[in-house]
Structure formats: structure tokens, C-alpha cells
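Trainee: The following block contains the structure, expressed as C-alpha cells.
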Amino acid sequence: MASRRLFCAAAGATLAGCAGMPAAGPSAAAARAELAGSGKLRAAINYGNPILAGRGADGAPRGVSVDLAREAARRLAVPIELVTFTSAGNVVEAVKGRQVDLAFVAIDPVRAADMEYTAPYVVIEGAYLVRNASPLQRNEEVDRAGTRVAVGRGSAYDLFLTRELKNATLVRVPTSPVVVDEFLKQNLEVAAGVKQQLEADARRAGGVRLLPGRFMVIHQAMGVPKGRTAAQAWLSAYIEDMKASGFVARALQQHGIEGAAVAPPGGARS
């Protein structure tokens with residue numbers, strides 16, 4: 001469920017000023033009907049991924065996903081409601097239940113059963129964290145019998161590792177931000193998550209280290225409930241404009257996000 005709701009006027013976004021996509025026309029009208037059928041665009045904002053969103057000094061949502069949601073609402077000339085969550089799993093359930101109209105999620109084949117995606121707008125990395133004394137030195141060594149891996153329930157890492165790990169055991173914890181705390185509390189062997197989140201947790205906790213490199217690449221996209229193809233088509237063109245115009249790059253820079261890259265044009269994967 002949402003941790004809280006925040007209503008915002010769909011007026012000029014902080015990063016507006018890039019080349020504008022016209023909001024008039026049949027495709028925009030159809031998208032507006034699908035995205036704001038309740039009278040407003042309800043956008044899911046996931047605090048569980050620090051690359052995408054966080055709380056500002058005033059407690060309000062901020063981040064690249066917030067900027068993209070507000071700009072989309074501005075172009076469609078509809079009010080926006082930012083609905084905040086603490087985990088990707090809860091966001092996906094809200095999309096499935098049609099409690100939100102728009103979400104920012106990692107592309108995964110499991111989620112595709114309930115969601116229409118745009119091409120990715122940001123590419124980030126998944127990493128492993130271990131204790132300093134751990135014998136594990138490489139990502140490939142994690143998948144061994146007796147190795148327990150802490151992961152946020154329903155996250156992209158959970159879905160990916162459920163498919164990929166054959167010998168290690170996944171220990172699912174409520175949300176990605178508490179992965180390292182639960183890893184330490186339960187004396188587990190490995191923690192998995194967003195590389196930047198793990199780096200911050202490593203500085204906070206001490207006595208731990210990240211394994212070199214990454215175990216997966218995460219392609220973050222915009223998603224809408226299954227069947228809302230007009231909304232998906234409009235948002236697909238919108239996200240390409242946001243990448244090409246530099247909007248996404250400026251948002252990452254403005255919010256001080258390091259280690260994430262703007263996704264290539266179209267559906268290309270880096």
C-alpha cells in the first residue's frame with residue numbers, strides 16, 4: 001500500500017524546457033483517457049530505489065521518476081497525484097490492481113503479464129554485498145549450496161535471481177532498503193540490490209564490501225496496467241523525447257545520481 005499520497009498541480013516541471021511533444025491529437029486524447037480516467041494521473045513513486053526517487057528536505061518526493069511523471073501530466077494537461085511506496089513489489093501490485101495509472105519499474109518478463117512497458121529510460125546495476133571476511137570474491141561464486149542471499153521481496157533482483165540461482169537460497173525481506181540490515185541481523189552470506197544503495201549501506205554499516213562488477217543490468221521503464229495500449233504508445237514516444245532532449249540526463253545530474261546511465265534510444269539494451 002502507499003505510504004502516503006501527495007497531490008501536485010500539473011503545472012511547469014522543474015526540468016521543463018526541453019522540446020515539447022504536442023498534447024493535442026487522437027493519440028494524446030486516447031492516452032489521456034487511459035491515464036487520467038479518474039480525473040487525475042496517479043503515478044507510483046518507489047522510495048525503495050534511490051536511483052529513481054527519494055524524499056526532499058521538505059519530505060516531498062523528488063527524483064528522476066517524479067520529474068518524468070510531472071512533465072507527462074503537464075503535457076497531457078491533467079492533474080497529477082504522486083502515490084508513494086517503499087518497495088517495487090507493492091508498486092507492481094498497485095498496477096495490477098489498477099490503483100495507479102503509471103509506474104516506474106524494472107523491465108522483467110514476469111511483470112509483463114500485468115503491465116505494458118515503454119523502452120527503458122535509465123540503466124542501473126545490481127550488485128552483491130558480503131562481509132569483509134567472506135571467502136566470496138566474485139559474483140559467479142555466489143550460487144553455491146549453503147549461500148543465503150537477502151533480497152527485497154518482489155524487486156527486480158528477486159525476480160531475476162529466482163530464475164538464475166540454482167544452488168543458493170534466496171531470503172526475501174520486506175523491502176530493498178532493509179536488505180543490508182536484515183543481512184546483518186540474520187547473519188546471511190550475501191545481500192543483493194541496487195549498487196548505489198548497497199554502497200551507501202556499506203559506508204553506514206562498516207565491515208562489509210561489494211563484490212566487483214555487477215550480477216545484472218536493470219532497465220528501468222515506465223509501465224501502465226495491461227491493455228492500456230494508447231497510454232503505452234504515447235508514453236513510449238514521450239520517453240524517447242525525454243532521453244533525446246537531455247531531460248533524463250539533466251534530472252540525474254540535478255538529483256546527484258551517480259552510477260546510472262541514460263538508456264540508449266528505442267528498445268536497444270546496453
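Please treat every number below as a calculation from the coordinates, not as lab data. Worth saying up front: this structure is predicted, and the values here are computed from it rather than measured. Virtual Cβ from ideal backbone geometry, glycine too; neighbours counted across all protein chains shown.
Trainee: Within the range 47-74, what residues put their amide N at less than 14 Å from the label point 7 Å along the Cα-to-Cβ vector of LEU210?
Mentor: What the label zone holds, given the 14 Å backbone N cut-off, is 50-51.
Trainee: Quote the charge dipole size of the chain about the Cα centre in Debye, to the nearest 20; the model charges only the Cβ of Lys and Arg (+1) and of Asp and Glu (-1).
Mentor: In total the dipole reaches around 300 debye.
Trainee: Given +1 on the Cβ of Lys and Arg, -1 on the Cβ of Asp and Glu, and no further charges, what dipole in debye does the range 19-111 carry about its Cα centre, rounded to the nearest 20?
Mentor: 120
Trainee: For n ≥ 4 DSSP H runs only, could you compute -39500 (n - 2.57) per run for the chain, divide by its residues and tell me the 222 nm figure to the nearest 500?
Mentor: That comes out to -9000 deg cm²/dmol.
Trainee: Find the Cα radius of gyration of the range 123-216, compare it with 2.2 N^0.38 Å by division, and give the number to two decimals.
Mentor: 0.93
Trainee: What's the magnitude of the charge dipole for the range 118-175 around its Cα centre, counting Lys and Arg as +1 and Asp and Glu as -1 at the beta-carbon? Answer in Debye, nearest 20.
Mentor: 220
Trainee: Can you tell me which of GLY59, GLY223, GLY37 moves the most in a GNM of the chain? Springs connect C-alpha atoms under 10 Å apart.
Mentor: GLY59
Trainee: Using θ = phi - 60° and the Karplus relation 6.51 cos²θ - 1.76 cosθ + 1.60, list the HN-Hα couplings for the range 123-133 in order, rounded to whole Hz, with x at every Gly or Pro.
Mentor: 10, 10, 10, x, 9, 10, 10, 9, 6, 4, 7
Trainee: Ok, one more. Can you run phi through the Karplus equation (6.51, -1.76, 1.60; θ = phi - 60°) for the range 217-227 and list ³J(HN,Hα) in whole Hz, with x for Gly and Pro?
Mentor: Working through the residues one at a time gives 10, 10, 9, 8, 10, 8, x, 10, x, 3, x Hz.
Trainee: When you take every Cα atom in the chain, what is the radius of gyration, and what is Dmax, the widest Cα pair distance, in Å?
Mentor: For the chain, the Cα radius of gyration and maximum Cα-Cα distance read 18.6, 61 Å.
Trainee: Okay, moving on. Rounded to whole Hz and in sequence order, give me ³J(HN,Hα) for the range 66-81 from the Karplus expression 6.51 cos²θ - 1.76 cosθ + 1.60, θ = phi - 60°, writing x for Gly and Pro.
Mentor: Working through the residues one at a time gives 5, 4, 5, 5, 5, 5, 4, 5, 4, 5, 8, 6, 10, x, 10, 10 Hz.
Trainee: Can you compute the FRET efficiency between GLN137 and SER27 using 1/(1 + (r/R0)^6), with r the Cβ-Cβ distance and R0 = 51 Å? Round to the nearest 0.05.
Mentor: 0.50
Trainee: Then there is this: Could you tell me the distance between the Cα centroids of the range 196-270 and the range 109-150, to the nearest Å?
Mentor: Between the Cα centres of the range 196-270 and the range 109-150 lies a distance of 15 Å.
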